[in-house]
Each structure stands twice: as C-alpha cells, then as structure tokens.
C-alpha cells in the first residue's frame with residue numbers, strides 16, 4: 001500500500017513485512033519503522049501534521065513524521081479488532097473513527113478512547129465512516145444513513161432503500 005503525505009514531501013510504503021517505509025521526493029529512503037503490530041487492516045489515515053494512524057489485528061497506533069511510534073493502544077475488545085480504520089482523521093478534533101460490529105469507536109489523537117456510537121440497525125456496516133469538514137461522522141448500515149457529532153451525539157438519520165432490492 002502506498003500513501004502520500006499531505007505536504008507531498010514523502011511517499012509512505014506499507015509492505016507485507018510489517019514495516020512502514022518513507023521515501024523522499026527523489027526516491028531515497030528516509031526511514032524504516034518496524035510496526036510489530038500484526039497485519040495492518042484498512043487504509044491508514046494520514047493527519048495534516050503527517051502523523052500516520054494505523055490499525056492492526058490487535059492495535060491502533062500512531063507513527064510520527066520522523067518514523068517514531070508515538071503511541072500504541074491495544075484495541076479494547078475482540079469485536080473492535082474486526083473493525084476498519086476510517087481513511088480520514090476528524091478535521092477539527094483529530095479523532096479517529098474505528099468501525100466495529102454494531103458500533104463506531106472514536107479515539108483522540110493521543111490514542112485515548114473518546115466515545116462509542118452504538119448503531120441502531122445492527123452490525124452490518126457497508127464502508128468505513130466518512131468525515132465531513134465540520135467533524136460530523138457519517139456511516140451507512142444498508143438500512144440507514146446515520147450522522148453524529150465527533151462527540152458521539154446523534155445529529156440525524158435517514159432510512160435508505162437498498163438498490164434493486166439488494167440485501168432482502
């Protein structure tokens with residue numbers, strides 16, 4: 001998997017070896033960090049300050065722009081370990097959204113658990129959550145489109161009809 005830092009000064013490579021490798025604009029290797037986190041799941045999130053947030057089979061971790069691991073948090077439950085890391089950090093708060101069966105967990109930039117959003121329509125989540133510029137967290141469950149503030153306060157929900165009767 002390849003990622004480009006927001007400032008376009010580095011390309012980050014996440015090979016199957018469990019490392020994160022940064023290359024400069026001319027292809028020279030800048031640093032290499034062994035993650036020791038198991039298989040990385042989902043798409044890593046890159047914050048505006050170039051911190052990379054990854055979720056693995058057992059951890060949520062942050063890697064600083066210099067390649068040093070800033071923090072590592074063991075995921076609190078086996079169900080959460082099956083989730084997906086959202087590909088975007090929340091813009092205003094810096095929180096990270098992790099999808100788990102039946103809920104979304106929000107974490108602060110330092111890895112603390114902010115809150116959990118219990119999904120009213122069961123565990124079927126079609127995709128990682130989207131994050132609006134105002135910090136609204138949006139998710140679709142197949143039955144509904146749901147929106148919350150980044151403080152886990154419900155904003156709205158709308159029933160959706162699956163296309164061509166899919167999922168019936």
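A short reminder: the numbers here are calculations on the coordinates, not readings from a lab. Fair warning: this is a prediction, and the values are worked out from it, not measured in the lab. Neighbour counts are summed over all protein chains in view; Cβ atoms, including those assigned to glycine, are modelled from backbone coordinates with ideal geometry.
Residues of segment 37-66 with the amide nitrogen closer than 17 Å to a label point 7 Å from the Cα of residue 17, along Cα-to-Cβ, please. Correct set: 37-40. Ranking of 150, 49 by neighbouring Cβ atoms within 10 Å, starting from the fewest: 49, 150.
Listed highest first by mean packing, meaning other Cβ atoms within 10 Å per residue, what order do 59-65, 110-116 come in? Spell out each step's value before the answer.
Working: 59-65: 20.7, 110-116: 14.6.
Highest to lowest by the protection proxy: 59-65, 110-116.
Which of 118, 105, 57 comes first, and how do the rest follow, when ranked by fewest Cβ neighbours within 10 Å? Before the final figure, lay out the partial values.
Working: 118 8, 105 23, 57 12.
In increasing order of surrounding Cβ atoms, one gets 118, 57, 105.
Inter-label distance, residue 133 to residue 108: 2.7 nm, where each label sits 7 Å from its Cα along the C-beta direction. With neighbour counts taken as other beta-carbon atoms within 10 Å, the residues 26, 32 rank, fewest first, as 26, 32.
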